[in-house]
Every structure is written in C-alpha cells, then in structure tokens.
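So the structure is just underneath, and the comments pick up after that.
The values are calculated or read from the model by the stated rules, or taken from the named source; none is laboratory data. Here the structure is a predicted model, which means the values were calculated and not measured. Note that we place each Cβ from the backbone using ideal geometry, even for glycine, and neighbour counts take in every protein chain shown. What goes into the accessible areas is simple: the full protein's heavy atoms, side chains included, and nothing from ligands, DNA or RNA. Shrake-Rupley method; radii C 1.70, N 1.55, O 1.52, S 1.80 Å.
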Amino acid sequence: MSNYHIKHLEEYYQVYRKSVNNPERFWEEIAEEHFLWRKKWDKVLEWDFKKPEVKWFQGAELNISENCIDRHLATRANKTAILFEPNNPDDDAEHITYKQLYHRVNQFANVLKAQGVKKGDRVCIYVPMIPELAIATLACARIGAIHSVVFAGFSATALATRINDSDCKIVITSDGSYRGAKTIDLKGIVDEALERCEGVETVLVAKRIHSNITMKVGRDKWLQPLLDVASNQCEAEVMQAEDPLFILYTSGSTGKPKGMVHTTAGYMVYTAYTFKNAFQYRENDVYWCTADIGWITGHSYIVYGPLCNGATTVMFEGVPSYPDYGRFWDIVDKHKVNQFYTAPTAIRALAKQGVEMVEKYDLSSLKVLGSVGEPINEEAWHWYNENIGKKKSPIIDSWWQTETGGIMITPIPYVTPTKPTYATLPFIGVQPCIMDEHGKELKGNQVEGRLCIKFPWPSIARTIWGNHQRYKETYFSTFENMYFTGDGALRDEVGYYRITGRVDDVIIVSGHNLGTAPIEDAINEHPAVAESAIVGFPHDVKGSALYGYVTLKDSGESRNQENLRKEINQLISDRIGPIAKLNKIQFTDGLPKTRSGKIMRRILRKIAEKDTSNLGDISTLLNPECVQDIMDNVL
Ligand code: PRX
C-alpha cells in the first residue's frame, strides 16, 4: 500500500523517512497506484547534478490529459472539474463537468491539429483567466505540443521575447480581457508583439469582451467557429516520461527571462501527490487557488494537480477589489470553498480594508488556508488565521518555485503543527539543506544560510529552453552537487524552515518575481538616462516595492523630474508590464561603485530601506562621496 494520503504526524515522519531512504521505491509505489500509464517505466530515476541531468520514470509512456480527465469519466463524469467564476459577479458561474471538459479539450486539440500543430511544437497561450486558458493547456498536452503560457498582464515586448525564445508558430489569445471595471485590449498587444515575431503563422482568438478588433487575413482566426465544427474525440498522443510538457518563463537576476522546461511524468506525479496532501483534498471539496494560470502556481495547483485528483477547481477571472474588497469572501461563501490558496500580498491588501468586508460573508466552509509566493509576515499571518480561518483552518505557508514545479516545504494541514511565518517541514521526498557562503553545509538546528536541495524530486525543471549551460550555471554551480534555490533560509530549534528571502538580484513584488537587470535595461533606453540601479524596499502591501536610482546624461537636466519619472515608468510598462513599475525614483549625480566599476547595490538597498546604521566600509569605493548625497536626498 502506498502512502498517497498522509493523515498523522507520525505517518508523515515515517513516510518521509521512507522517501529519503529509498526514493526510487517510494516514488515508484506512488506512481504505480495512482496514475494511468500506457506503459510502465524501465528505470525510476537517473540523475547527476554535475551534468546536470535528471530523468524520472524513463521508458514510461503516458498522456497527462488522460490522467487529468479521461481517467475520471467512469466515476466523476458529472462532477464539476472547473468552476469558472466570471469577473462580473452578476454573471452566472460556469460549472464545467469532467465529461464536458473531456469534450472541450478534445475539440480544442482537434482545432490545434487542424492548424498544423504537431507533437513537440511550441504553442504560446496569452489568454486571460477564462476556461479557454485551462482548456488550451490541456489540449496541447493531449496532442503532445509544448505549451508556453504567458501571463496576460505582460507587455507586447515581453510577449514577443517569450514567443521568439521558444520559437512558437501559433499564439492563442482573446479579443480582450476584463479586469475589474477595466477592459484590456489583449489582441492589440498580440498584434504589436507579432511585429517582432516572424515565425508566428497563426493566431487563434477567443471572444470574450466582444470588442471591435482587427483580424489579420490569413493569420488570425476566431476560435469558436473552429471549435464548433471540430470532433469532440481526439486520441491522446502517447508521450515519453521525459517529453517536455511545458515551458514557463521566470525572471533571472540577469539577462533574458529563463524558459523553465517541465517534463511529463515526474511533474504529474509530484503535483498530484503534493496537491492531495498539502491541501488535504477530499472527494467533494471545492478548492480555490486565486493565482493566474500564467504563473507556475496556476499550472500546478489550478490545472494539473487538482484535475489529476479529480477535484473541483475554481478559476476566477476577476480581481480581489471588484466590485469591492469583499469579492474573495463572497466567492468563498457562494461556492462553499473548502481550500483557499492565495498570496501574502492579497492578504495584506484585504486586511487593510477592515473586517467589515469579511464579516458579511459565511466562511464556515473553509478547512485549509494556503499562502505562497513570498514570505508571509507575522501580522498578515495572524490576520488570515483569525479573520478568515477563525483560528480553525490551518495555514499552509508553502514554499516553492517555478523551477521546483511543486510545493517543497510546507506544513501538511491537520498534520504538521504550524508556526507563523514558517514554511515548517520539507514535503515528502524533499531533502533541503542550508549552506554557508563558503559551500559548507550547516548541519543541526538553529542555523541560517542559503537554501539548497540535495536530491532530485520528480518535478524539478529539467533545463532552460535552449540554454542548458545557463541552467547549470544558475542552479548547480554555486554549490557542488546541489540545486541552489537563490533563497536564504533558517532552520529553527525543532527543524522548521523559515524562508528569509532572495539572496540574488531578484525582487519579489506583490508575489511576482522581477529581475533587476531587464528593468534597468528598460530605464536606460530613455534618452536622458545615463545609468540606473534598482533595489527593493519594504512595502506594507506589496511586500517589496521597487526603488530606482537614476543618473542623467546631463545632470543639469532642466526637465521636470515628475515628467521624467512618468516617462521612465511608461518605458518599463511598455517593455515588461505594469507590474514592474517603480514606486520611487531618485535622481542622483552618481551611483556608488567598486573600483572595478560594479554598482554596490548593497549600499543602495540599505539607503532605500532607510537602514544606514551599518553601511560597511565605503572608503574603498571608487566614488565614496556620492553616498552621502544619495542619503541626503533619499525618498
Ligand atoms: O523567494 C521565494 C519566493 O518566491 C520565489 C519563487 O517565485 P516563483 O518562481 O514566481 O514561484 C512562486 C510560486 C511558487 C522563491 O524563490 N517564495 C515562494 N513561496 C514562498 C516564498 N518565499 C517565502 N515563503 C514562501 N512560502
């Protein structure tokens, strides 16, 4: 009997031991009993972090869409698979059953095939949170195409970079999207992006906001008429365990975004197993993750993990503030949500509104509360616990990454005692460790350093699309024979982990990972700008916000600084997206640099944080005099 569902703390420890003492045997049992395979594997695991190379379930054949849908038809055909809650609360929610999902995914898969999409082709999906987004991903999986979902809040430039990097021939989008009271012209953004993407031959357009858009003849096609004539039966492509399932871009501290590649079998097994346990999902529960499918949280815990378990997963199109700040709680009440998974930034924004917005609603259905994406501060943790969970629903502060594919460190609700701001214990099969700066492992408890993982887990990203060398350098070169997460962490006296934040130049703003380099590149495009440096500073809702130090080519620049700030933010918005706009921009005559010319971000960070008591020795800088000037003019 495998340990698919963990129910007690002793059982957790026992299963954990089994999973690290004999990982192959452990994962083989989980895989064998709970999934549908066309052919079983020849070898459970082959790995070498030095190369690096990781292969799980080699020789196995399967299709993940059959595991997410077909497998449930015998027992759950009329159960709601996707519960779609539209932006406008007056519009009806849509309950898509497993049977309907099966038909819709197959139709979509047939449309893709008719457009010439084949196994291994990359498909860019730039669609808002409407059912077509989930259906498109599953349709790609069904025919073996590799989906690359791009968050529909990214700009045309960001979209173009991603389309070109993975060489997508087809883009799926919609005429537009609703976002609270606003509408967004998504198709216009796609048109602009495609001016820079020569390889795209076809654009499929879903109708959502019924706006008047231009369709380019020969390239753009309305989706619905194609679906209407497509058969609702489509034989699933037989995939190898290590065939890529999707590419998802994440920011790096330097350079272009990294297209993380996740493969089929290991990703499926791990996301399904973590979903079942981290949320303690039971058959008739209604589960809701508020993330967008454009991020890994949505891939793993709106689509694949829940559907693999035959769950009912809520998909919400709107925003927490529309029509008012009670919207989340209204949805929990209306659909009797049992598990609710969101980000600390949303919790902080909602906590600011006061409890009246919560008290109007009946939240008694809630059993599990989740948090993900950034460290949750103590105040937000308590507010969530008291006002939403009424001190009865455990909070799972789950730590993981785009690269890890699934949850890595988390309490298991009703199993692991929680502790505010602590992600607590490693999930089954995960072997974290803490390293010092010199590459020595810090053993025992009460240690703090850099968080690494020693042993492969099934859903580790296998490479960066088109750049294996960068994958090796980013994750496997800092510490020998270890996966380096880029995060700092501490382990307390009982062995609980607390994530302390990024130790590289990635800044997490409202739960979104942002690399500083691309933002600086965008700013430097402004004709008046000589140089810039971005750092993070604490923000009560966003967690961290962006602070930009900018030097101008002509320091006597007579232009209005407010206008310059607006122009700089507009550039960032155009190049990356509104999420990367700066909260503060300080114009300065110089940036502190080492003698080799490297900008000392550590000093700039301290100044932005208004913590200048210990700036360290600045006398060795190339230009120490600028530090005082920057401090005097801090915003
Ligand atoms: O710094 C960690 C932070 O988010 C980073 C990963 O971001 P991304 O790839 O966008 O994936 C987010 C959703 C899985 C991590 O390196 N992070 C994520 N969860 C937590 C967290 N920091 C603290 N506590 C968490 N629970």
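For segment 507-547, backbone nitrogen atoms closer than 14 Å to the point 7 Å from Asp629 Cα along Cα-to-C-beta are found at 530-531.
Here the calculated FRET efficiency for Gln561 and Glu493, from their Cβ-Cβ distance with R0 = 45 Å, stands at 0.35, rounded to the nearest 0.05.
Once the C-beta distance of Glu11 and Gln446 is scaled by a Förster radius of 22 Å, the resulting FRET efficiency is 0.25 to the nearest 0.05. Amide H to amide H distances under 5 Å link Val503 with Asp487, Gly488, where only residues 5 or more positions off or on other chains count and H is placed in the peptide plane. Highest mean packing comes first when the peptides 273-279, 627-633, 493-499 are listed by Cβ atoms within 10 Å, giving 273-279, 493-499, 627-633. Summing Cβ point charges (Lys, Arg +1; Asp, Glu -1) relative to the Cα centre of segment 507-632 gives a dipole of roughly 340 debye.
Here the gap between Val20 and His382, fully extended at 0.36 nm per residue and compared with their Cα-Cα distance, gives a gain of 127.0 nm. Figure legend: label point modelled 7 angstrom from the Cα of Ser477 along Cα→Cβ; residues of segment 453-471 with amide N under 18 Å from it are 462-471.
What you get for the chain, charging only the Cβ of Lys and Arg (+1) and of Asp and Glu (-1), is a dipole of about 800 debye around the Cα centre. Put a dot 7 Å past the Cα of Gln570, heading toward its Cβ, do the same for Asn78, and the two dots end up 5.8 nm apart.
Please report how far the C-alpha centroid of segment 128-150 lies from that of segment 169-194, rounded to the nearest whole angstrom. For segment 128-150 versus segment 169-194, the Cα centre distance is 16 Å. With both residues required to sit in the chain, DSSP beta bridges show an antiparallel share near 60%. Each 5 Å bin, from zero up to the one with the longest distance, holds this percent of the alpha carbon pairs of segment 310-464: 2, 8, 16, 19, 18, 14, 10, 7, 5, 2, 0.
Let me make sure I get this right: for segment 507-632, a, b and c are the square roots of the gyration tensor eigenvalues over alpha carbons, sorted descending. Under 1.5 in a/c it's rounded, otherwise prolate if a/b > b/c, else oblate. Which is it? Judged from the Cα gyration tensor, segment 507-632 comes out oblate (a/c at least 1.5, b/c at or above a/b).
With coordinates expressed along the principal axes, the C-alpha atoms belonging to segment 67-213 extend over 48, 39, 21 Å, beginning with the largest.
Name the residue farthest towards the positive end of the dipole of the chain from the options Gln233, Ala545, Phe279, assuming +1 on Cβ of Lys and Arg, -1 on Cβ of Asp and Glu, about the Cα centre. Projecting each Cα onto the dipole axis, the largest value belongs to Gln233.
Think of the chain as a dipole: +1 on every Lys or Arg Cβ, -1 on every Asp or Glu Cβ, centred on the Cα centre; then among Thr254, Asn87, Val314, Val314 lies furthest on the positive end.
The label point for Asp554 and the one for Thr500, both projected 7 Å from the Cα toward the Cβ, are 4.7 nm apart. Taking the square roots of five times each eigenvalue of the Cα gyration tensor of the chain, the equivalent ellipsoid has semi-axes of 37, 30, 25 Å, listed largest first.
Solvent-accessible surface of the chain, averaged per residue with a 1.4 angstrom probe and all protein chains in place: 38 square angstrom.
The residue among Leu615, Thr402, Ile209 whose Cα reaches farthest toward the positive pole of the charge dipole of the chain, with charges on the beta-carbon of Lys, Arg, Asp and Glu, is Thr402. Checked against a 29 Å cut-off, the cross-linked pairs Lys113/Lys187; Lys50/Lys542; Lys360/Lys542; Lys392/Lys581; Lys7/Lys360 give Cα-Cα distances beyond that limit for Lys50/Lys542; Lys392/Lys581; Lys7/Lys360.
Only lysines eight or more places from Lys51 in sequence, or on another chain, were considered; those with a Cα closer than 18 Å are Lys454, Lys472. In terms of its Cα atoms, segment 378-519 spans 49, 37, 27 Å along the principal axes, sorted from long to short. Segment 565-635 and segment 47-71 have Cα centres separated by 45 Å. In this structure, the amide hydrogen of Met315, modeled 1.01 Å from its nitrogen in the peptide plane, lies closer than 5 angstrom to those of Leu83, Phe84, Glu85, counting only residues at least 5 positions away or on a different chain. Solvent-accessible area assigned to carbon and sulfur over segment 507-632 amounts to 46 percent, based on a 1.4 Å probe. With each label modelled as a point 7 angstrom along the Cα→C-beta vector, the Ser613-Ser321 pair spans 3.5 nm. Estimated from helices alone, the mean residue ellipticity of the chain at 222 nm is -8000 deg cm²/dmol (sum of -39500 (n - 2.57) over DSSP H runs with n ≥ 4, per residue).
In order along segment 283-299, phi translates into HN-Hα couplings of 2, 9, 6, 10, 10, 9, 10, 7, 5, 9, 5, x, 10, 4, 4, x, 4 Hz, rounded to whole numbers, per the Karplus curve 6.51 cos²θ - 1.76 cosθ + 1.60 with θ = phi - 60° and x for Gly and Pro. For the chain, taking a cut-off of 4.7 Å between Cβ atoms, the unpaired cysteines are Cys68, Cys140, Cys197, Cys234, Cys289, Cys308, Cys433, Cys452, Cys626. Considering only beta bridges that DSSP places wholly inside segment 507-632, some 80 percent are antiparallel.
Under a model in which nothing but the beta-carbon of Lys, Arg (+1) and Asp, Glu (-1) is charged, segment 436-556 shows a dipole of about 500 debye around its Cα centre.
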